[in-house]
Amino acid sequence: MLKSSLWSRGAAAGTIALLLMAAAPALASENPQVAAQVMALARSQWAAEIAGQPVSAQNVSLADDYTEFNGDFPVLLVGKTVATRMGEVTPNDKAMYSDMQNARVQVYGDTAILTYNFTGLRRAADGKVTPSLAKSSRIYVRQGGDWKLVHANFAPVEQGH
């Protein structure tokens, strides 16, 4: 009887431990290879813009169901098609330089979150160069072996703040 009671308590404790482990929050892993891959995707998008490549080439890493928040529009932008069409509208300025500072990549299996401070320079139609600053997040998901950008949030940083 004592053996049965001890076994039952042990089984109950083991079950509870398994349930607690399953309910534990997911912790990000550090994966330098994935970090390099997703940072390279962001940089290649900027390089394509600076080089004047078509928006379709700039947006090659976007998933079809891509979503975005940015400082230019007060609503969620939904879809790669929307992002590409909006990018095709000729801007009154041009990207001259783009980079990321304080980059951090958190990897959760097939999901990678890239956060960074964006620093860039843009040249207006009148030739004036102004800084472009943002607090940025990009979420990538591995689809068919490739990393695809599924969501981005670009929060502008106002000068002097």
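Is it the case that the stretch 81-90 has a residue that's touching a strand residue (DSSP E or B) at 6+ places or on another chain (Cβ under 6 Å) and basic (Lys, Arg)? There is no residue in the stretch 81-90 that is touching a strand residue (DSSP E or B) at 6+ places or on another chain (Cβ under 6 Å) and basic (Lys, Arg). The residues of the stretch 124-141 that are modelled with pLDDT of 95 or more and in contact with a Lys or Arg (Cβ under 8 Å, 6 or more places away or on another chain), listed by number, are 129, 140, 141. Just checking, does the stretch 12-23 include any residue being at pLDDT below 60, surrounded by 10 or more Cβ atoms within 10 Å (Cβ to Cβ), farther than 15 Å from residue 149 by Cβ and not hydrophobic (A, V, I, L, M, F, W, C)? Checked against the condition, which is being at pLDDT below 60, surrounded by 10 or more Cβ atoms within 10 Å (Cβ to Cβ), farther than 15 Å from residue 149 by Cβ and not hydrophobic (A, V, I, L, M, F, W, C), the stretch 12-23 yields at least one hit. The residues of the stretch 123-161 that are farther than 17 Å from residue 70 by Cα and basic (Lys, Arg), listed by number, are 123, 128, 142, 148. A residue that is under 22 Å from residue 33 (Cα atoms) and in contact with a Phe, Trp or Tyr (Cβ under 9 Å, 6 or more places away or on another chain) can be found somewhere in the stretch 123-136.
The values are calculated or read from the model by the stated rules, or taken from the named source; none is laboratory data. Computed from a predicted model, the values in this text were never measured in an experiment. Counting neighbours? That spans all protein chains shown, and the Cβs are built from the backbone with ideal geometry, glycine included.
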